[in-house]
Amino acid sequence: MATFASLSEGIEAVVRDGDTVAMEGFTHLIPFAAGHEVVRQKRKHLTLIRMTPDLIYDQLIGMGCADKLVFSWGGNPGVGSLHRLRDAVEKGWPNKLEIEEHSHAAMANAYEAGAAGLPCAIFRGYIGADLAKVNPKIKSIVCPFTGETLAAIPSHRPDVAIIHGLKADRAGNVLLEGILGVQKEAVLASKRSLVTVEEIVDDFGPRNLNACILPSWTIGMIAHVPGGAFPSYAQGYYKRHNAFYIEWDKIARERDTFQAWMKANVLKKNESEYAKYARPSRVAAE
Amino acid sequence: MTATYTPNEIMTVVAARALKNSDVLFVGIGAPSAASNLARLTHAPNITLIYESGTIETKPSVLPLSIGDGELCDTALTTVAVPEMFRYWLQGGRITVGFLGGAQIDKYANLNTTVVGSYDAPKVRLPGGGGAPEISNSCAEIFIIMPQGRGFVKKLDFITSLGHGEGDDHRQRLGVKTKGPTRLITDLCIFEPDPATKEMTVTSIHPGVTCDQIQENTGWTVRYANTVAETAPPTAKELEVLRDLHARTKRAHGEAA
C-alpha cells in the first residue's frame, strides 16, 4: 500500500544517487516540485528518462544531477531550445552528459513494454532514419508470421518513477485525468514510485467508470503538494503557465542567470513554495 | 486591389488550403497548427485534428504553445494515453495527413531536426525527432511547411525523418507503403515530388516571387514542373481569420495565470 509522506521524506526514501529515474507527465502534470526537491537533496549521477526533458530536466541537468539522459524531444515547447541541455551536450557544462535518443513512439512503447513485464518493445519505426545508426539500442526483429522487419528497443524499467496526480484518496489510490501521457506506464514499469498530488480526498466521489486510477498497492509513496506541477498544469485546477515557459528561455540562456534563478527559487525554498500556484478544482469550486 | 500579407501568412494560408474537410491530421506545433486551425475555421469545419499528446478531434479556440496545452484536451472529443496514440492511431494507419517541418531539408524532402554538425560533437544540438520518425512513414501522406533559406541544404547533417530517401522508389525499397512528402509549402512557392525521380519540384510560385529568389534560398539546383502555376494570394477573409487566431493566441499566452 502507498505510504503518505512529506515531499522531502518521499524523495529521501525513493531516489538514490546513481538511480535511473523517470519523472513523467506529457506537458500536463509535470512533477516540478518533486524535481526541485531532488535538486535540493543534491542527488547525483542520475540517469534521467523522459520523453520531453522540458524545463524540469533542463533544471536537473543544469544543476549537475544527471550523468545520462534518455529522451525523444528536447526542446522548450513552442519556444525553442532547452539551453541547459544544449550546454551540457555541446560544451559539457556543468558535466558531460551522455545521451540515449529515441523517437516518441519508441519511448511510449518502451514504457508500455516495461509495464507489461516484457524485455523489449516492438513497433514499426525508425525506417530510413539515422537515429538507428547512432543509438546501438535500436535494433530490429523479424515478425515470425509475416516476415516484416520491425524496430525493437529495450523496455524501460526505471528504478524510480515520479509523477504528479490530481487526487489521492485516504487509501492511497491516485486519480489522473486529462492528458495522461505515459505516467501510468512509468509507475507500473518502475521498482519504486512517488506520486505528488494536488488534493487528498476522503473519496473520489462520482466518476467515470473507466477513470484512470492507479491502485494504492501499485504506488510506493504519496506526497500532498498542491501546485506541484507549476509551471506545467493540473487539468481542472490551474492552467499551464505559458508565459513562464517563454520567460525560461531568457533565464536559462546564460549559466549565471540560471544559477541565480535556481538559488533564489529552488535551493532557498522548500516544498511549501508551490501552494501559491494551486487553485481549487473546478468541481470543488462549483 | 490585393490585400498585403507577410511571407509567413501566405505560407500558412497555402498550407491550410491544401487540407480537406475529410482529412484526419496529425498536427505539430507552430505553423502546422496555425494552418490546420485556419482550415478548420474556414473551408474545412469538420476536419479532424489530432495532436500527439493524445487529444482526438480537438477544436482549440487559441493555438496551443505546447503540444499538450489544456485547451487541446478541453476541446477534444476524447483524449487517449500517449502509447495508445502512437500505437493505435498513428501506427494503426488512421491518419491521412501528417504535418512536419524541420531545421534542414534536402531535395528529396528528408528532414533534420536533430543536430547541425556531427552527432557526437554537434555544433548545434537541436530538439530531436519527437514523433517525426514514425509520423513520416505512418501517415498516408506528409505536408511539410518550412520557410526557405539556410535550412534548404544540399546534404543533411542527419536524417531525422525519411522523405523520399535517395529518390525514385527508395521508400518502397525500404518497405514503406505510404506516399511520404507530397507537398512542401514555403514562404516563396510550393514544391511537389516529381512523379518519377521524387525530387521536390516547384509547381506553384507565390505572387511577386522570382525564380532567382527561390534559387538564392535553396541549397540545390531548383527544378520546375512543366507547368508552373501562380499561387492565388490570400483572400481578405483568410487573412482576417488567421490574424484573429494569432491575436487571440497572443492574448491567451501573454496573460499571467
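Residue-wise test of (1) more than 30 Å from B:Thr249 (Cα to Cα); (2) among the charged types (D, E, K, R); (3) open to solvent by 30 Å² or more (accessible area, probe 1.4 Å); (4) not assigned by TED's automatic domain parsing to the domain that holds A:Lys137.
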site: A:Ser72; (1), (2), (3), (4): no, no, no, yes
site: A:Leu85; (1), (2), (3), (4): no, no, no, yes
site: A:Trp93; (1), (2), (3), (4): yes, no, yes, yes
site: A:Leu97; (1), (2), (3), (4): yes, no, no, yes
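In the range A:15-26, which residues are open to solvent by 10 Å² or more (accessible area, probe 1.4 Å) and in contact with an Asp or Glu (Cβ under 9 Å, 6 or more places away or on another chain)? Working first, answer last.
First pass over the range A:15-26, keeping only residues open to solvent by 10 Å² or more (accessible area, probe 1.4 Å): A:16-20.
A:Arg16, A:Gly18, A:Asp19, A:Thr20 - these are the residues of the range A:15-26 that are open to solvent by 10 Å² or more (accessible area, probe 1.4 Å) and in contact with an Asp or Glu (Cβ under 9 Å, 6 or more places away or on another chain).
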Checklist outcome for this item: Within the range B:1-27, residues modelled with pLDDT under 95, open to solvent by 10 Å² or more (accessible area, probe 1.4 Å) and either in contact with a helix residue (DSSP H, G or I) (Cβ under 7 Å, 6 or more places away or on another chain) or under 13 Å from B:Ile145 (Cβ atoms) (or both) come out as B:Ala3
Next on the checklist: If a residue counts only when it is open to solvent by less than 30 Å² (accessible area, probe 1.4 Å), which helices (runs of 4 or more DSSP H) contained entirely in the range A:176-280 have at least 3 such residues?
Outcome noted: A:183-189, A:242-253
Next on the checklist: Residue under question is A:Ala113, and the condition is that it be under 18 Å from B:Glu134 (Cβ atoms), within 14 Å of chain B (Cβ to nearest Cβ), touching a residue at least 24 places away in the same chain (Cβ under 8 Å) and in a helix (DSSP H, G or I); does it hold?
Outcome noted: yes
Next on the checklist: Is it the case, given these coordinates, that B:Ser53 is open to solvent by less than 20 Å² (accessible area, probe 1.4 Å), among the small types (Gly, Ala, Ser) and in contact with a Cys (Cβ under 8 Å, 6 or more places away or on another chain)?
Outcome noted: yes
Next on the checklist: Regarding the range B:113-122, can at least one residue be identified that is more than 14 Å from the chain's Cα centre (by Cα), surrounded by 23 or more Cβ atoms within 10 Å (Cβ to Cβ) and among the hydroxyl-bearing types (Ser, Thr, Tyr)?
Outcome noted: yes
Checklist entry - Checking B:Gly151 against (1) within 14 Å of another protein chain (Cβ to nearest Cβ); (2) under 25 Å from B:Tyr119 (Cα atoms), which single condition isn't satisfied? => result (1)
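Anything in the range B:179-232 that is of a type in the set (D, E, K, R) and in contact with a Leu (Cβ under 8 Å, 6 or more places away or on another chain)? List them, or say none.
Selection gives B:Glu192 alone.
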Next on the checklist: Please return the ranges of helices (runs of 4 or more DSSP H) entirely within the range A:30-107 where 2 or more residues are within 12 Å of chain B (Cβ to nearest Cβ) and in contact (Cβ under 8 Å) with a residue 12 or more places away in the chain.
Outcome noted: A:54-62, A:83-91
Checklist outcome for this item: In the range B:53-79, anything within 19 Å of A:Trp73 (Cβ to Cβ) and assigned to a loop (DSSP other than H, G, I, E, B) is listed as B:Ser53, B:Gly54, B:Leu63, B:Pro64, B:Leu65, B:Ser66, B:Ile67, B:Gly68, B:Asp69
Checklist entry - Does B:Ala103 qualify as being over 30 Å from B:Thr201 (Cα atoms), surrounded by fewer than 24 Cβ atoms within 10 Å (Cβ to Cβ) and small (Gly, Ala, Ser)? => result no
Item to check | Search result, residues across the range B:28-42 that are open to solvent by 10 Å² or more (accessible area, probe 1.4 Å) and among the hydroxyl-bearing types (Ser, Thr, Tyr) | outcome: B:Thr42
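Quick one: is B:Asp168 more than 9 Å from chain A (Cβ to nearest Cβ), open to solvent by 20 Å² or more (accessible area, probe 1.4 Å), over 12 Å from the mean Cα position of the chain (by Cα) and not aromatic (Phe, Trp, Tyr)?
Here the answer is yes, as B:Asp168 does meet what is asked.
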Checklist entry - Quick one: which of B:Gly101, B:Gly163 is of a type outside the set (Ser, Thr, Tyr) and modelled with pLDDT of 95 or more? => result B:Gly163
Next on the checklist: Regarding the range A:90-109, can at least one residue be identified that is at negative phi and within 13 Å of the chain's Cα centre (by Cα)?
Outcome noted: yes
Checklist entry - Among the residues of the range A:116-131, which ones are more than 7 Å from chain B (Cβ to nearest Cβ) and crowded, with 20+ Cβ neighbours inside 10 Å? => result A:Ala121
Next on the checklist: Would you confirm whether or not the range A:4-20 contains a residue that is at pLDDT 95 or above and closer than 25 Å to B:His253 by Cβ?
Outcome noted: no
Checklist outcome for this item: Checked against (1) away from chain B (no Cβ under 14 Å); (2) under 16 Å from A:Leu55 (Cβ atoms); (3) not polar (S, T, N, Q), A:Phe244 satisfies every condition except (1)
Next on the checklist: Can you go through B:Asn137, B:Asn110 and tell me which one is open to solvent by 10 Å² or more (accessible area, probe 1.4 Å), facing chain A (nearest Cβ under 10 Å), of a type in the set (S, T, N, Q) and closer than 28 Å to A:Gly147 by Cβ?
Outcome noted: B:Asn137
Checklist outcome for this item: In the range B:75-107, residues that are over 19 Å from B:Lys179 (Cβ atoms) and either more than 10 Å from chain A (Cβ to nearest Cβ) or touching a strand residue (DSSP E or B) at 6+ places or on another chain (Cβ under 9 Å) (or both) total 13
Checklist entry - Only one of (1) under 19 Å from B:Gly129 (Cα atoms); (2) outside the structural domain of A:Pro53 (by TED's automatic domain parsing) is not met by A:Val142, so which one is it? => result (1)
Checklist outcome for this item: Heads up, the strands (runs of 3 or more DSSP E) in the range B:184-236 (entirely inside) with at least 1 residues that are closer than 19 Å to B:Asn110 by Cα, aliphatic (A, V, I, L, M) and at pLDDT 95 or above are B:189-193, B:200-205
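The values are calculated or read from the model by the stated rules, or taken from the named source; none is laboratory data. Please read these numbers as outputs of a predicted model, since none were measured by experiment. Because the Cβ atoms are built from the backbone with ideal geometry, glycine has one as well, and the counts that use them run over all protein chains shown. Each accessible area value is taken on the protein alone, full model and side chains, heavy atoms only, with ligands, DNA and RNA left out. Shrake-Rupley method; radii C 1.70, N 1.55, O 1.52, S 1.80 Å.
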